[in-house]
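Okay, handing you the structure first.
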Amino acid sequence: MAFSVDSTLTGIHSRSERTVRVTRDFDRGRTTKEVLNTTFESDSEDLVKLEIDSGITRISDGQLLWQDFIRPFSESISGLKSGADLSRWYDNNSFYRKPSVVKKMTAPNDSSFLLNYSVQPALDLVPSKNEKIKRKLSVPGPYTLASLVSDEFYHSKAELVNNFAKILKKILHGLPALGFGSIQINEPSLVYRYGESALTSKKELKSFISAYEENFSKPPIEIYLHTYFGDCSKILKDLLKLEGITALGIDFTQTSLDSIEKLRFGEKALACGCVDGRNSLIEPPEWIAAFCTEAIQTLKPNGIVVLPSSELKYLPRAHADKKIRSIGKACKILETKVK
Amino acid sequence: MVRRAKSILFPTQEIGSIAKPSWRVKGVSSDARITSKDIDEASSWGERLAVPDYQQLVNRLRKISTSDTAITEEDKISIRDFSVKYVLALFDKIGLDRVYSGEQWRVEMYEHLVRNIEGFKLLGSVHSFDYKYFTKGEVIDRPRFTHPIHLEEFEFVKEHTNREIKIPITGPYTVVDWSFNEFYETELRKRSANKKRIDLRKTYFEARRKFILDLVKNALRPEVELLIQKGVKWIQIDEPAITTRPDAEEMELFVDATNALTKGFTSCIFSLHNCYSDYKLLAHYTTKLKDIKQLALEFANRDSTDLGTDAKTRPGYVDLKHFETEGFEGGFGLGITHVHDYSGKPGSGAIVDGRNVIESPKLVRDRILFAAKLLKDPSRISVNPDCGLRTRSWEITYKKLEVMMEGTKLAREEIA
């Protein structure tokens, strides 16, 4: 199989200054829901057009309607109570409303609840007949969900992880019918301050691995599994054994290539998070391509997915968009090199 | 003659920002209209607090509200000045010992500073949560002091109060943490251009260290030096960002930057304000802060609202133990009133008023007495709200500060 070069966004994108203004006005009762919806629609459309023009191959609507990365799930999974209290989103100056598990959780009837958080006209712009391009959605993984909620019911992290994995499996099976061809499961909690924060031991990692193997080893859709906000060198070996994963993601702003140079990706692609999602510095395409080339030569993956280390919502929109253009150009350089 | 708070047991102090009145916000904006409600507010608070010459403000607001021409610069300055006078009158009426401007002079704690230091550029809005955002800047060149940042504000306050003044200044760690570090990272990446591999995490820390030390040396120290020359006796360094990145290298960076900022300024007292934080972690590093004489911290938020002076009823203040265990010998600015929205059922020492919890004087008293018992030295305690009260209305702020004073009085009587 030929070496693949792909590109994508990591999750929630930055809202445009116009959207910022309109959402503020809406919050203060100075504009209508209709104006709000139209603004989000045009913002997402602009973003999708930019992704297409830049040559991004896994395209999302930027998930601009997601107030935080947990919210669509806390508002839709039965047994989860949407929280009022704000909690810090890892070590960012960004917050989420922490939900509580108050009873046995059950998945929504189908995955269509996600449409309430998607901008359909924007997603409709994604070419459907181009095999290289897929519509993509990023979701929090079971371990991350289990780490970010307040558990008042299961009282067992392993059980919580397993339950979230089952719910995500059901949601994931409904995605092709909604037009999605790719899903990115984000698992920052697996690596954020390893040993001190969420994931504290190999035993905990095992609960994630078994939940993953049970629910995602034969997925109906392409899966990228991305780890970020932390150093993945201590668990990468275990993650590389997971089946059903097309690409495995590394945040290279946190993980040094030296620390993982002895590992090989084999049948998996490397999702190379070398574009810093939390810094306004715009990486030149040549720099990104050179970084990816070195990573490819070291880790020997069967393909590369170039992506930002984290969501780009931590940047003002103009800078986030520039990063997309840079990624697109870097992929063109890489394609030439691969050929 | 400046009243000195030193000789008083449990001196009271404000921490930072007070809500900007609607007439203050609209009065300096080009696209908002001052209404009769805004004028009534200025009039009633002016009368209630006996603000000197407040009728001048009311008349000015009336004139602006009926005029079709744009608000003049003179109007804007006068409105801003009056907002400081209102805050000082509020503090005076309540009887606070250490005061400042309620930060009426400033847009916002981060923006005010970076707008006034060369080398920064404000980039745009970044999502915080829901429909809330903050403006983030980047450092595009070595930060440099070009003009006084807080001096005019200080001199204005000094002219209008006879109470002890404590200036809050946003600390270097928070400025660096809330800014994109484009300049220093670009510099370091250029230097690594010939290397086959680059360790981005290592580069990030190196760049961060260079940024913070330059910021202190070239921008913040000159500002502090000037303020001290002009008579500032107390500077509160606001560092809300510390402990959000709990790695040792980050905490060391905070310590090094703080020490570099305060070193050698012996005629000025330095305090540090931090809140909603990991105090166990913070405590570990406070003994390394060479010149910090007081830690002004939030405690009420993490405490119960029941009356009592035992550890069970005062869980929030038990955190003081971390600082004692680590050997911090300085004073504490004890946060005794909650400053954000409150949800839930209050205990026997408080009532709920809308989205606010109003502590009783007895609850404030118990919090102070428990802390005094734990620290074994009441003279180490000053009393303040958890943080700036800017998210509370003036009515609630007034109530909270009034209760704080009454509770402090009860605690003083108890100790006496």
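Read the figures in this text as sums done on the coordinates, not as results from a lab. Since we're looking at a predicted model, the values are computed, not measured. Here the Cβ is made from the backbone with ideal geometry for all residues, glycine too, and neighbour counts use every protein chain on show.
Dividing the Cα radius of gyration by the Kirkwood radius, what Rg/Rh value follows for the stretch B:82-186?
So for the stretch B:82-186, dividing Rg by the Kirkwood Rh gives 1.05.
Two decimals is fine: what's Rg over Rh for chain B, C-alpha atoms, Kirkwood radius as Rh?
My calculation puts Rg/Rh at 0.98.
Taking the Cα centre of chain B as origin, sum charge times position over the Cβ atoms of Lys and Arg (+1) and Asp and Glu (-1), and report the length of that vector in debye to the nearest 20.
Value, rounded to 20: 580 debye.
If you don't mind, another one. Relative contact order (percent) for the stretch B:106-240, with alpha-carbon contacts under 8 angstrom and 6 or more residues of separation?
The value is 30 percent.
Another question about this same structure. Using amide H atoms built 1.01 Å from N in the peptide plane, name the residues 5+ places from A:S182, or on other chains, whose amide H lies under 5 Å from its own.
So A:S182 has HN proximity to A:R135, A:L137.
Sticking with this one: Would you please put A:36-47, A:13-24 in order of how densely packed they are, using the mean number of other Cβ atoms within 10 angstrom per residue and starting with the highest?
Put in order of decreasing packing, that is A:13-24, A:36-47.
With θ set to phi - 60°, apply the Karplus curve 6.51 cos²θ - 1.76 cosθ + 1.60 along the stretch B:383-400 and write out the HN-Hα couplings as whole Hz, x wherever there is a Gly or Pro.
Ordered by residue, 3J(HN,Hα) equals 10, 7, x, 4, 7, x, 9, 5, 8, 9, 5, 5, 4, 5, 4, 4, 4, 5 Hz.
Given an 8 Å cut-off on Cα distances and at least 6 residues of separation, report the relative contact order of the stretch A:4-338 as a percent.
Relative contact order of the stretch A:4-338: 20 percent.
Next up: Please give the peptides B:340-347, B:194-201 ranked by average Cβ packing (other Cβ atoms within 10 Å per residue), highest first, as a rough proxy for protection.
Highest mean packing first, the order is B:194-201, B:340-347.
Hey, what do the phi angles of the stretch A:215-228 turn into as Karplus ³J(HN,Hα) couplings, whole Hz, using 6.51/-1.76/1.60 and θ = phi - 60°, x for Gly and Pro?
In residue order, the calculated couplings are 10, 10, 6, 10, x, x, 8, 5, 10, 9, 10, 10, 10, 7 Hz.
Under the definition of Cα pairs under 8 Å and six or more residues apart, what whole-number percent is the relative contact order of the stretch B:81-415?
13
Could you work out the helix-only [θ] at 222 nm for chain A, with each DSSP H run of four or more residues adding -39,500 (n - 2.57) and the total divided by the number of residues, to the nearest 500 deg cm²/dmol?
That calculation yields -11500 deg cm²/dmol at 222 nm.
Let me ask you something else. On a full-extension model of 0.36 nm per residue, what is the gain between A:S256 and A:A2, subtracting their alpha-carbon distance, rounded to one decimal in nm?
Taking A:S256 through A:A2 to full extension adds about 88.7 nm, to one decimal.
Per residue, what volume in Å³ does the convex hull of the Cα atoms of chain A enclose?
Cα-based convex hull of chain A, divided per residue, equals 127 Å³.
What is the packing order of peptides A:318-327, A:247-256, taking the mean over residues of other C-beta atoms within 10 Å and listing the highest first?
A:247-256, A:318-327
About the Cα centre of the stretch A:1-111, how large is the charge dipole given +1 on each Lys and Arg Cβ and -1 on each Asp and Glu Cβ? Please answer in debye to the nearest 20.
Dipole magnitude for the stretch A:1-111 comes out near 680 debye.
Testing the spin-label approximation: label points 7 Å from Cα along Cα→Cβ at B:A32 and B:N194. State their distance in nm.
It is 5.6 nm.
Within 10 Å of each Cβ in A:71-83, how many Cβ atoms from other chains are there, averaged over the peptide?
Mean partner-chain Cβ count within 10 Å for A:71-83: 0.
Tabulate in residue order the Karplus-calculated ³J(HN,Hα) for the stretch B:304-317, using 6.51 cos²θ - 1.76 cosθ + 1.60 with θ = phi - 60°, rounded to whole Hz; enter x for Gly and Pro.
Computed from phi, the couplings for the stretch B:304-317 are 7, 10, 7, 7, x, 10, 9, 4, 5, 8, 10, x, x, 8 Hz.
Residues of the stretch B:175-212 with the amide nitrogen closer than 16 Å to a label point 7 Å from the Cα of B:K121, along Cα-to-Cβ, please.
Label zone hits: B:179-187.
OK, next. First select every other residue whose beta carbon is under 11 angstrom from the beta carbon of B:R380; then total the charges, Lys and Arg +1, Asp and Glu -1.
Neighbourhood net charge equals -1.
Return B:Y54, B:Y285 ranked ascending by Cβ neighbour count within 10 Å, so the fewest neighbours appear first.
Final ranking by Cβ density, sparse to dense: B:Y285, B:Y54.
Residues with amide H under 5 Å of A:A271's amide H, sequence separation 5 or more or different chain, H placed in the peptide plane at 1.01 Å from N; which?
A:L248, A:G249, A:I250, A:V305
Taking amide H atoms as placed 1.01 Å from N in the peptide plane, list the residues 5 or more away in sequence, or in a different chain, whose amide H sits under 5 Å from that of B:T170.
Those lying under 5 Å, H to H, from B:T170 are B:D238.
Something else now. Could you list the GluC sites (Glu not before Pro) in the stretch A:250-336 that lie in coil according to DSSP, counting only those with at most 15 other Cβ atoms within 10 Å of their Cβ?
A:E261, A:E267
Residues of A:89-97, mean number of Cβ from any other protein chain within 10 Å of their own Cβ, rounded to a whole number?
For peptide A:89-97, the averaged partner shielding equals 5.
Further question on the same structure: Any idea what the dipole of the protein assembly as shown comes to, in debye rounded to 20, about its Cα centre with Lys/Arg Cβ at +1 and Asp/Glu Cβ at -1?
Rounded to the nearest 20 debye, it is 780 debye.
Under a plain spin-label model, where a point goes 7 Å from the Cα along Cα-to-Cβ, how far apart in nm are A:E267 and A:K170?
3.0
Would you mind checking the radius of gyration and Dmax of the protein assembly as shown based on alpha-carbon positions, in Å?
Rg then Dmax for the protein assembly as shown, in Å: 27.4, 85.
Which one, A:I235, A:I12, B:N59, is farthest towards the positive end of the dipole of the protein assembly as shown when Lys and Arg carry +1 and Asp and Glu -1 on their Cβ?
Value computed over the given set: A:I235.
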